[in-house]
Amino acid sequence: MKYVIGIGGVTNGGKTTLTNKLIKTLPNCCVVHQDDFFKKPDQIEVGEDGFKQWDVITALDMEAMTNTVKGWMENPVKFARSHGVPLSSSSDVANPDEQTHILIVEGFLLYNDPQLLDVFDKCYYISIPYEECKRRRSTRQYTVPDPPGLFDGHVWPMYLKHRREMEDSCLDIEYLDGLKCKEELYNQAYEDIQNNLLNRL
């Protein structure tokens, strides 16, 4: 069985932290990080707001990302082996092709690209309030540092815009509260995933 989980949400909401905890405990679990598909800085346009447009879908090579997800869907065993993901041997099913294989797709604009909308079996979305998001963002060190005013002038307005678009897409999304402690957030998602997998067996 193949099972694809989306973990989307606001910048600095805890997507990667949750993803990394789930990878360690879910069997045969691979991950695709949307952040790995950012285009080079010289390919990022400057918008009317005066800022480089990092927080829009065109800043990402979504075709390459979609192809990566499709590569997993076509052959999760081969994908796992080529990415160094150990396959579970404790399963009752000896043949890796017949085991449950999980892919987590993690990113801030997961549910805004029509190419990906139909791949998810389960969609999570982590949100945190403006003040907390701004506080967390200010403490992060980025390869390309945030210029002054970027958060209020570009990051947060784009987040609100894309969230509205996502909500209009009618996807069945489960919202997670990013203010909860990491352990509580993990437990909530893990139990929900386990229940979903059991229901599909």
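Compute the signed sum of charges (Lys and Arg +1, Asp and Glu -1) over the other residues within less than 10 Å, Cβ to Cβ, of Pro157.
On the way: positive: Lys161; negative: Asp49, Asp55, Asp152.
Once all neighbours under 10 Å are counted, the net charge is -2.
Determine the equivalent ellipsoid of the range 84-201 by diagonalising the alpha-carbon gyration tensor, then write out the semi-axes as square roots of 5 times the eigenvalues, largest first, rounded to whole Å.
Working through the eigenvalues yields semi-axes of 33, 18, 15 Å.
How large is ³J(HN,Hα) for each residue in the range 195-200, as worked out from phi by the Karplus curve 6.51 cos²θ - 1.76 cosθ + 1.60 (θ = phi - 60°), to whole Hz, x for Gly and Pro?
Result, rounded to whole Hz: 5, 5, 5, 4, 5, 8.
Rounded to two decimal places and with Rh computed the Kirkwood way over Cα pairs, what is Rg over Rh for the range 156-201?
Reported Rg/Rh (Cα atoms, Kirkwood Rh): 1.10.
In bins 5 Å wide, starting from 0, what share of all Cα pairs of the chain does each bin hold, as a percent?
Spelled out per bin, shortest first, that is 1, 7, 15, 19, 20, 16, 11, 6, 3, 1, 0, 0.
With charges only on Cβ, +1 for K and R and -1 for D and E, what is the dipole size of the chain about its Cα centre, in debye, rounded to 20?
Around 580 debye, computed over the chain.
State in Å² the accessible area per residue of the range 22-118; use a 1.4 Å probe, count heavy atoms of protein chains only, and round to the nearest integer.
Normalised by residue count, the accessible surface of the range 22-118 is 54 Å².
Report the gain in length on full extension from Asp61 to Glu167: 0.36 nm times residue separation, minus Cα-Cα distance, nm rounded to one decimal. Write out the running numbers ahead of the final one.
Working: separation 106, 0.36 × 106 = 38.16 nm, distance 2.28 nm.
Gain in length upon complete extension: 35.9 nm.
Using the Cβ atoms and a cut-off under 12 Å, what net charge is assigned to the surroundings of Phe37, where Lys and Arg are +1 and Asp and Glu are -1?
Details: positive: Lys39, Lys40; negative: Asp35, Asp36, Asp61, Glu63, Glu106, Asp113.
After counting each charged neighbour, the total is -4.
Across the range 106-116, in residue order, what do the Karplus-derived ³J(HN,Hα) couplings come to in whole Hz, using 6.51 cos²θ - 1.76 cosθ + 1.60 with θ = phi - 60° and x for Gly and Pro?
3J(HN,Hα) across the range 106-116, in whole Hz: 10, x, 8, 10, 5, 9, 10, 10, x, 5, 9.
Just the projected area, averaged over all directions, of the convex hull on the alpha carbon atoms of the range 1-56: how many nm²? Before the final figure, lay out the partial values.
Details: hull surface 20.9 nm².
Average of the hull's projected areas for the range 1-56 equals 5.2 nm².
Per-residue HN-Hα couplings for the range 140-145, Karplus 6.51 cos²θ - 1.76 cosθ + 1.60 at θ = phi - 60°, whole Hz, x for Gly and Pro?
8, 9, 9, 4, 9, x
If you put +1 on each Lys and Arg Cβ and -1 on each Asp and Glu Cβ, how big is the dipole of the range 99-196 around its Cα centre, in Debye rounded to 20?
Charge dipole of the range 99-196: 520 debye, to the nearest 20.
With all protein chains present, how much of the accessible area of the range 133-201 (probe radius 1.4 Å) comes from carbon and sulfur, to the nearest whole percent?
Of all accessible area on the range 133-201, carbon and sulfur atoms account for 51 percent.
Pick out, from Pro27, Leu109, Cys170, the residue whose Cα sits farthest towards the positive end of the charge dipole of the chain, with +1 on the Cβ of Lys and Arg and -1 on the Cβ of Asp and Glu.
Pro27
The values are calculated or read from the model by the stated rules, or taken from the named source; none is laboratory data. Note that the structure is a prediction, hence the values are computed from the model and not measured. Virtual Cβ from ideal backbone geometry, glycine too; neighbours counted across all protein chains shown. Remember, those area values only see protein heavy atoms, side chains included, never the ligands or the DNA or RNA. Shrake-Rupley method; radii C 1.70, N 1.55, O 1.52, S 1.80 Å.
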